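> Handing you a structure now.
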Amino acid sequence: MVQATPFLLVLFLALGAHSASVKKCILTGTWVNDLGSNMTISTVNANGDFTGTYLTAVSATTEKIEESPLLGSQHLPNPLSPQPTFGFTVHWTFS
């Protein structure tokens, strides 16, 4: 057990340092991609579900482009999966 103690200490410190460095993922706000399209996320509830709008800047029309509603969900970090992930769908609104 004496030889295992340094290993357990290093393991404990490594796990503790990793969990201390995980930052909260804040999705609310406006996100803009390289093409100029933007996604605005309004609220994220306690379950990780969120709503917002998407406005594409990519178009082959001269018509006015309208904002489209979006729905999404964030997989909240937990001990088995410390990195938050999210996905969303857009209900396209075209003129």
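> With a 1.4 Å probe and all protein chains kept in place, how do Ile26, Ile65 rank by accessible area, largest first?
Largest accessible area first, the residues go Ile26, Ile65.
> So what does Ser42 come to for accessible area, using a 1.4 Å probe and Å² rounded to 10?
Result for Ser42: roughly 70 Å² accessible.
> Shifting gears a bit: Where only protein heavy atoms count, and the probe is 1.4 Å, what is the accessible area per residue for the stretch 25-90 in Å²?
Heavy-atom accessible area per residue stands at 66 Å².
> With just the Cα atoms of the stretch 25-90, tell me how far they stretch along each of the three principal axes, in Å, largest first.
Cα spread of the stretch 25-90 along its principal axes, largest to smallest: 49, 21, 17 Å.
> Could you calculate the contour length gain from Leu76 to Asn45, that is, 0.36 nm times the residue separation minus the distance between their Cα atoms, to one decimal place in nm?
Details: separation 31, 0.36 × 31 = 11.16 nm, distance 1.10 nm.
Fully extending the segment from Leu76 to Asn45 adds 10.1 nm.
> Computing the accessible area with a 1.4 Å probe over protein heavy atoms, can you report the carbon and sulfur percentage for the stretch 25-90?
58 percent
> Measuring from label point to label point, each 7 Å out along Cα→Cβ, what is the Cys25 to Ile65 span in nm?
Placing both labels 7 Å along Cα→Cβ, they lie 2.5 nm apart.
The values are calculated or read from the model by the stated rules, or taken from the named source; none is laboratory data. In this text, all values refer to a predicted model and were calculated from it rather than measured experimentally. Ideal geometry is used to build each Cβ from the backbone, glycine not excepted, and the neighbour counts take in all protein chains shown. Quick note on the areas: whole protein, heavy atoms, side chains included, nothing else; ligands and nucleic acids left out. Shrake-Rupley method; radii C 1.70, N 1.55, O 1.52, S 1.80 Å.
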